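Q: The structure's right below; bear with me while I get my questions together.
Only the coordinates and a few stated rules stand behind these numbers; no lab work does. Please read all numbers here as calculations on a predicted model, not as lab measurements. When we count neighbours, we look across all protein chains shown, and the Cβ atoms used for this are built from the backbone with ideal geometry, even at glycine.
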Amino acid sequence: MALLTALAGLLVFSHRLAAPSPWRDEAVTVAVVRRSAAQIADLVREVDLVHAPYYFLAHALLGRDADVVDVRRISVVAAALTAAALCGTARRAVLASPGGVGPGAARLAGLTAALVWVATPFASRYAQEARPYALAALLVTVSTYCLLRRWWAAYALTLLLLTAVNSTALLVLLAHAGWTLASPGTRRRAALAAAAGLALSAPLLLAQSRQRGQVAFLQPPAPADLLGHATFALGGTAGALLAAAVAVAACVLARARRAVLLGVLWGVAWVPLLWLVSQVQPLWTTRYLVPVAPGTCLLLATVVTAGWGATRSARSARGARVLPAAGLAAGLVAGTAVAGWHMQVVFRDSAIGHGEDLRGTAELIAEGARPGDGLLFVPDGEYRYRVVTQLYPEAFAGLEDLALAEPAATSGTLVGVPREPAEVARALAGVDRVWVVGGPGELLAATPADAATVVALQGWEVVQEADRRAFSVRLVEPAATPEPVTTTPSP
């Protein structure tokens, strides 16, 4: 059964995998994976240590010729394996819960949880992402499974792996603590295993904390962000309402109270907890909440299936119980699929699927560029517009990056080392046309160097302009200088 759900996941998550244009973070992944192992090590000593294991994994699997589809396949496999792991986790959780729930209901709960995960558009979105979030969801699910199976050494190791892939995923310990406290006889060993895992993780957590500047762009979330995340993660308003209805039913129908508790703490409480933490140390972003989704699926599946099975002394009673439970489970899966269908399509759209159109930006420049044209990115630096040149180098062949002093790979940085503003101004004087890439709207001067570039461009005029999602491309040339008007004095 778990194998079948994994195969279903592979089928769904692979559909139109290459269609969405990558966005900047995916481009960074591919650019880093294409570097040598030594260059990756140089980079993560200064930045992106939180993604170092993922970069090295992708580099080992794919080598220096990796493209974005290759890297996305890692997430596809991770998300499909999450379905299989969730199938076993939900079954174990229901079976271990007091309340007279039998193995039939437990198997149904596992199958339902896995299929809801596969049908959820939120899972598809990050199953097709060249970043480690699907891998984090898999490790959270495997960690929970190890806890339920009481595989203490493996459980401790999964906490270290979670820290290496996405340290915010350690918030799953809230759900693990709730399960352990409700499970007499395992509290001491579970606590020791968790402590061992955290002790192993401590040096890595300390090293990661020294690069906190990477998330400095995040802001404390507003109250509306809680509802906004629920709507986005569940495929829209209809999906959120369906989940809310099932959650209300949990208070009435669910017999597997311990499994429900696990689902609430893993699949619901984690979200407001991260929201509260982010009021002090902003960490709120949707992609950090991907590991929550398997817990939500476990909760929903438990509620609709664990109402079956109070008493099954007779064969007829079993038959009478299984059909309504199976019908509810099928309805949940079908409802999730229908409610999320629109977003499944949106997430696979070539231009808007991942929110940015780097591919379209590169194609636009490749179509109009001439050898010897200049290239500028405004704003520069950590806005990472320049990473498009690393992902699609052939589109920028023959163009001179006027503000780049040293390339990214050799400098141990994500986007390279910029030139001084005076050097940029001198470089501008040597070209006739410049492609300026940035965000839509007015040029944003995020730094003094950007401001100097904007000033240097004041003598240039836009002769061509086009927007691609989250990107703007302008072709500028020196403004024409009117010829002086001369007059001949009258005789």
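Q: Can you work out ³J(HN,Hα) from phi for every residue in region 163-180, in order, using Karplus 6.51 cos²θ - 1.76 cosθ + 1.60 and θ = phi - 60°, giving whole Hz and x for Gly and Pro?
A: Once θ is set to phi - 60°, the couplings for region 163-180 become 4, 5, 9, 6, 5, 5, 5, 5, 4, 5, 4, 4, 5, 5, 5, x, 5, 5 Hz.
Q: Go from 0 up to the bin containing the longest alpha carbon distance in region 135-272, width 10 Å each, and give me the % of pairs per bin.
A: 11, 34, 33, 20, 2
Q: If you don't mind, there's one more thing I want to ask. Within region 411-449, which residues have the backbone N less than 19 Å from the label spot 7 Å out from ASP42 along Cα→beta-carbon, could you tell me?
A: Under 19 Å, as judged by backbone N against the label point of ASP42, lie 411-419 of region 411-449.
Q: Right, here's the next one. Enumerate the calculated ³J(HN,Hα) couplings along region 184-197 in order (Karplus 6.51 cos²θ - 1.76 cosθ + 1.60, θ = phi - 60°), each rounded to whole Hz, writing x wherever the residue is Gly or Pro.
A: x, x, 10, 4, 5, 5, 5, 5, 5, 5, 5, 4, 5, x
Q: Let's test the formula: R0 of 22 Å, r as the Cβ-Cβ distance of VAL215 and ALA445. What FRET efficiency results, to the nearest 0.05? If you can, show how the numbers build up before the last one.
A: Values: r = 23 Å, r/R0 = 1.05.
Step by step, r from the Cβ atoms, then E = 0.45.
Q: Right, something else. What per residue convex hull volume, in Å³, comes out for the chain when only alpha-carbon positions are used?
A: Value for the chain: 164 Å³ per residue.
Q: Another question about this same structure. Using helices alone, I'd like the mean residue ellipticity at 222 nm for the chain: each DSSP H run of four-plus residues gives -39500 (n - 2.57), total over residue count, nearest 500.
A: Details: 22 runs with 283 residues, N = 491.
Mean residue ellipticity at 222 nm (helix-derived): -18000 deg cm²/dmol.
Q: Can you give the FRET efficiency to the nearest 0.05 for ALA334 and LEU3, using r as the Cβ-Cβ distance and R₀ = 25 Å?
A: 0.70
Q: With the crude spin-label approximation of a point 7 Å out along Cα→Cβ, what separation in nm comes out for ALA154 versus SER183?
A: Taking the simple label geometry, ALA154 and SER183 are separated by 1.3 nm.
Q: Let me ask another. Any idea what log10 I(q)/I(0) is at q = 0.15, 0.20 Å⁻¹ for region 260-302, Debye with uniform C-alpha scatterers and no solvent?
A: Values returned for q = 0.15, 0.20 Å⁻¹ are -0.35, -0.57.
Q: Starting from the amide H of ARG468, placed 1.01 Å from N in the peptide plane, find each other amide H under 5 Å away whose residue is 5 or more places distant or on another chain.
A: For ARG468, whose amide H was placed from the backbone, the distant partners under 5 Å are VAL473.
Q: If you don't mind, there's one more thing I want to ask. What span do the alpha-carbon atoms of region 398-446 cover on each of the three principal axes, reported in whole Å from largest to smallest?
A: 30, 26, 23
Q: In addition: Determine, for each peptide in 455-466, 342-353, 283-294, the mean count of other beta carbons within 10 angstrom over its residues, then list the peptides with the highest first.
A: Going by the mean number of other Cβ atoms within 10 Å, highest first, we get 283-294, 342-353, 455-466.
Q: Taking only the alpha carbons of region 62-120, what extent do you get along each of the three principal axes, in Å, biggest first?
A: 55, 19, 12
Q: Taking the Cα centre of each part, how many Å lie between region 370-439 and region 26-42?
A: Between the Cα centres of region 370-439 and region 26-42 lies a distance of 19 Å.
Q: Short version: ³J(HN,Hα) in whole Hz for each residue of region 417-424, in order, from phi by Karplus 6.51 cos²θ - 1.76 cosθ + 1.60 (θ = phi - 60°), x for Gly and Pro, what are they?
A: 9, x, 6, 5, x, 5, 5, 5
Q: Let me ask something additional. Output the peptides 333-339, 385-391, 370-376 sorted from most to least packed, where packing is the average of other Cβ atoms within 10 Å over each peptide's residues.
A: The packing order, highest mean first, is 385-391, 333-339, 370-376.
Q: Could you pull out which residues in region 383-402 have an amide N less than 16 Å from a spot 7 Å beyond the Cα of ARG370, following the Cα-Cβ vector?
A: 398-400
Q: Rg to Rh ratio, region 1-73, alpha-carbon atoms and Kirkwood radius?
A: Rg/Rh for region 1-73 comes to 1.07.
Q: Here's another thing I want to ask about it. When the scattering of region 358-419 is computed by the Debye formula from its Cα atoms alone, each counted once and equally, what is log10 I(q)/I(0) at q = 0.18, 0.21, 0.27 Å⁻¹?
A: With no solvent term, the Cα-only Debye profile gives -0.60, -0.82, -1.30.
Q: Mind checking the full-extension length gain between THR286 and GLU465? Use 0.36 nm per residue of separation minus the Cα-Cα distance, one decimal, nm.
A: Values: separation 179, 0.36 × 179 = 64.44 nm, distance 3.18 nm.
Computed gain between THR286 and GLU465 is 61.3 nm.
Q: Moving on. Roughly what % of Cα-Cα distances in region 370-491 sit above 19 Å, to the whole percent?
A: Counting every Cα pair in region 370-491, those more than 19 Å apart make up 48 percent.
Q: Does anything in region 262-293 have its amide N under 19 Å from the 7 Å Cα→Cβ label point of ALA244, and if so which residues?
A: Inside the label zone: 264, 267-273.
Q: Using modelled amide H (1.01 Å from N, peptide plane; none on Pro or chain starts), what sits under 5 Å from the amide H of ARG433, excluding residues fewer than 5 places away?
A: The list, which skips near neighbours in sequence, is GLY374.
Q: Ok, one more. Taking 0.36 nm per residue of separation and subtracting the Cα-Cα distance, what length does fully extending ARG16 through LEU174 add?
A: In short, 53.3 nm is gained.
Q: Can you pull the semi-axes for region 1-130, root of five times each eigenvalue of the Cα gyration tensor, sorted largest first, whole Å? Intermediate values should be presented prior to the final figure.
A: Working: eigenvalues 246, 54, 23 Å².
Those come to 35, 16, 11 Å.
Q: So, one more: Measure off 7 Å from each Cα along the Cα-to-Cβ vector at ALA207 and GLU363, then give the distance between these two points in nanometres to one decimal.
A: Here the answer is 4.1 nm between the modelled labels.
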